[in-house]
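Accompanying notes for the structure given below.
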């Protein structure tokens, strides 16, 4: 296990280099610059700002300067948030995004997996129909529509929850539910399909023939084996939750990385875009590593090659 973790860390270095390089190229081929939107600035001031941030140099030279800073752990400075480095911005925003993402992903698993298991056990009955209707709704409806609906019902009409910001535990409820809705729906459908496949196995019929109740068989034997496909998608699902947080954080005015990423793209804030992208890439690498480690706990026969 230790060798696997070390191997993943070593592999992460070239992956992050590729991500940084591609992002660097993409943000610079997009028309416009960080200061083009400031129409009131004289050309002389814009020229001085470009010189200050080395934007007047050739792109290859800018790339080498960025890699030099990155090797020292310096993610650069923000062009729009004066006197703030990207490290400072992400240090403040990352804990917020981490809390929201962790709560949302946990909520998605705690809702989606039991819902899918219930739908499989009650196949063809009303419980199955209701569960699949909710999962289809969660997959089909965009996150911003779900967020707007929850705000209208619980914040404006019922006035039981705050509209936005990130100031108390009550402020977490609507964003977390909004972000967890679609992943929970996907997990419910996946769990249902996985449980239905395992139910047909001979060893399940043997367990039932020995007198085990239906739910006892599901909880002790079927569910653990059916979780392997679910764990497999948790890595990509983390990507869905992370990218979904962009919109959710913007809707609810949450000071997380997703909100800063959107404003950075709109403002052509190059270093902030690069820094945010790298942090998200690191999170995905960590999530996929945990998924590989979880295989060995769910099924000891599945061993990851070191």
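The values are calculated or read from the model by the stated rules, or taken from the named source; none is laboratory data. Since the structure is predicted, the reported quantities are computational estimates derived from the model, not experimental observations. Note that we place each Cβ from the backbone using ideal geometry, even for glycine, and neighbour counts take in every protein chain shown.
Checked against (1) free of Cβ contacts under 8 Å to residues at least 24 places away in the same chain; (2) surrounded by 15 or more Cβ atoms within 10 Å (Cβ to Cβ); (3) in contact with a helix residue (DSSP H, G or I) (Cβ under 8 Å, 6 or more places away or on another chain), residue 160 meets all criteria but (2). In region 34-65, the qualifying residues are those that are closer than 15 Å to residue 77 by Cα and in a loop (DSSP other than H, G, I, E, B), and the one that is nearest to the chain's Cα centre (by Cα) is 34.
Would region 179-197 turn up any residue that is surrounded by fewer than 14 Cβ atoms within 10 Å (Cβ to Cβ), closer than 18 Å to residue 246 by Cβ and in contact with a helix residue (DSSP H, G or I) (Cβ under 6 Å, 6 or more places away or on another chain)? Within region 179-197, not a single residue is surrounded by fewer than 14 Cβ atoms within 10 Å (Cβ to Cβ), closer than 18 Å to residue 246 by Cβ and in contact with a helix residue (DSSP H, G or I) (Cβ under 6 Å, 6 or more places away or on another chain). Residues of region 253-266 that are in a helix (DSSP H, G or I), in contact (Cβ under 8 Å) with a residue 24 or more places away in the chain and buried (at least 20 other Cβ atoms within 10 Å of the Cβ): 257, 258, 259, 260, 264.
Conditions tested, residue by residue: (1) out of contact with any strand residue (DSSP E or B) (no Cβ under 8 Å at 6 or more places or on another chain); (2) more than 11 Å from residue 188 (Cβ to Cβ).
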position: 75; (1), (2): no, yes
position: 79; (1), (2): yes, yes
position: 84; (1), (2): no, yes
position: 92; (1), (2): yes, yes
position: 100; (1), (2): yes, yes
position: 108; (1), (2): yes, no
position: 115; (1), (2): yes, no
position: 119; (1), (2): yes, no
position: 134; (1), (2): yes, no
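Of the numbered criteria (1) surrounded by 14 or more Cβ atoms within 10 Å (Cβ to Cβ); (2) at pLDDT below 90, the one residue 45 fails is (1). Of the helices (runs of 4 or more DSSP H) lying entirely inside region 114-219, those carrying at least 1 residues that are under 25 Å from residue 231 (Cα atoms) and modelled with pLDDT of 85 or more are 126-140, 170-199.
Would you tally the residues in region 66-80 being under 13 Å from residue 270 (Cβ atoms) and in a loop (DSSP other than H, G, I, E, B)? So the answer is 5.
Could you tell me which residue of region 114-146 is farthest from the chain's Cα centre (by Cα), considering only residues that are surrounded by 19 or more Cβ atoms within 10 Å (Cβ to Cβ) and under 13 Å from residue 180 (Cα atoms)?
Restricting to residues being surrounded by 19 or more Cβ atoms within 10 Å (Cβ to Cβ) and under 13 Å from residue 180 (Cα atoms), the top hit is 135.
Residue-wise test of (1) in contact with a helix residue (DSSP H, G or I) (Cβ under 9 Å, 6 or more places away or on another chain); (2) within 17 Å of residue 272 (Cα to Cα); (3) buried (at least 19 other Cβ atoms within 10 Å of the Cβ).
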position: 59; (1), (2), (3): yes, no, no
position: 63; (1), (2), (3): yes, yes, no
position: 90; (1), (2), (3): yes, yes, yes
position: 112; (1), (2), (3): yes, no, yes
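The criterion of being modelled with pLDDT of 80 or more and under 30 Å from residue 193 (Cβ atoms) holds for residue 247.
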